[in-house]
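Before any comments, here is the structure.
The values are calculated or read from the model by the stated rules, or taken from the named source; none is laboratory data. Bear in mind the structure is a predicted one, so any value in this text is a computation, not a measurement. FYI the Cβ positions are ideal-geometry reconstructions off the backbone, even for glycines, and counts take in every protein chain you see.
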Amino acid sequence: MNDKTPSGLPSGLQAESPNQEKFASRLRSKREELGLTQQDLATKIGVSLTSIQNYEAGRIPRGEHLIALSRELSCSIDWILTGDTSLSTPKGSQEADQAPAEDVQRSGYTLIPKVKARLNAGTGSLETSAETIGHYAFKTQFLKRKGNSTRMVLMDIHGDSMNPVLEDRDTVLIDESQNEILSGCMFAVGVDDAVFVKYVDCEPGMLILRSRNERYKPIEVPMTGDLADTVRIIGRVVWSCREYGG
């Protein structure tokens, strides 16, 4: 039985669009040019063999894996995504360490950091330096519709207080520039050293943090006194995603 499509890709994994098919072809040809097997490349960039097979079937890698591919294949992210040969990223050069994020932006994507939830005391923002655990590429135009991409971070959800809207281990995109309270909207809220995602309402002299799960009672925070100083609106939740599987 022939398990290849006319494009040469494994059946069931064919590229979804001509651009993705061209991306897959460039990636495959560059890997073969360097004499690397799919397993070799997977090991070098720290992903599974299945991931490389999916990339060569047209699936676009997430941000940190695009950067790793750029470095291991000695080419720019611009070229990987679009075929643009105006820039090159020689492996080991100083430019190689600076180019990936710029390449992503030129290709119509923006890298957003994913962070561990830790409140930067006194500022009401997420600590994103030592706590960054990866970067993910989003369409720049999509982010512009959502808010200010330069102030956005990704954060995983833990717990079930927002079920069924958000489930344990979902990922949310938070715009830290949107920290003015809009009643009924979902915000990341810092309380002491913890960060929660809640619906936020304002009542006279009181901030109400509401869960979606009815098993959790609303948290009432007086807007005066010591307790008020421990609560900060970090940013508005503008998008979420859920990964299925093991």
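Annotations
- Test: residue in region 165-173 that is under 28 Å from GLY108 (Cβ atoms) and part of a helix (DSSP H, G or I): no
- Residue that is surrounded by the fewest Cβ atoms within 10 Å (Cβ to Cβ), among those in region 192-218 that are of a type in the set (Gly, Ala, Ser) and either part of a strand (DSSP E or B) or without any contact (Cβ under 8 Å) to a residue 24 or more places away in the chain (or both): GLY205
- Looking across region 163-191, the residues that are free of Cβ contacts under 8 Å to residues at least 40 places away in the same chain and small (Gly, Ala, Ser) come down to SER183, GLY184.
- Unmet criterion (only one of (1) closer than 20 Å to GLY63 by Cβ; (2) surrounded by 15 or more Cβ atoms within 10 Å (Cβ to Cβ); (3) among the β-branched types (Val, Ile, Thr)) for VAL221: (1)
- The test for being at pLDDT below 90 and among the β-branched types (Val, Ile, Thr) does not hold for ILE52.
- Any chance GLY184 is touching a Pro at 6+ places or on another chain (Cβ under 9 Å) and more than 22 Å from LYS114 (Cβ to Cβ): no
Let's see how each residue does on (1) on the phi < 0 side of the Ramachandran plot; (2) part of a loop (DSSP other than H, G, I, E, B):
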position: GLN20; (1), (2): yes, no
position: ARG26; (1), (2): yes, no
position: ARG31; (1), (2): yes, no
position: GLY35; (1), (2): no, yes
position: LEU41; (1), (2): yes, no
position: THR50; (1), (2): yes, no
position: ALA57; (1), (2): yes, yes
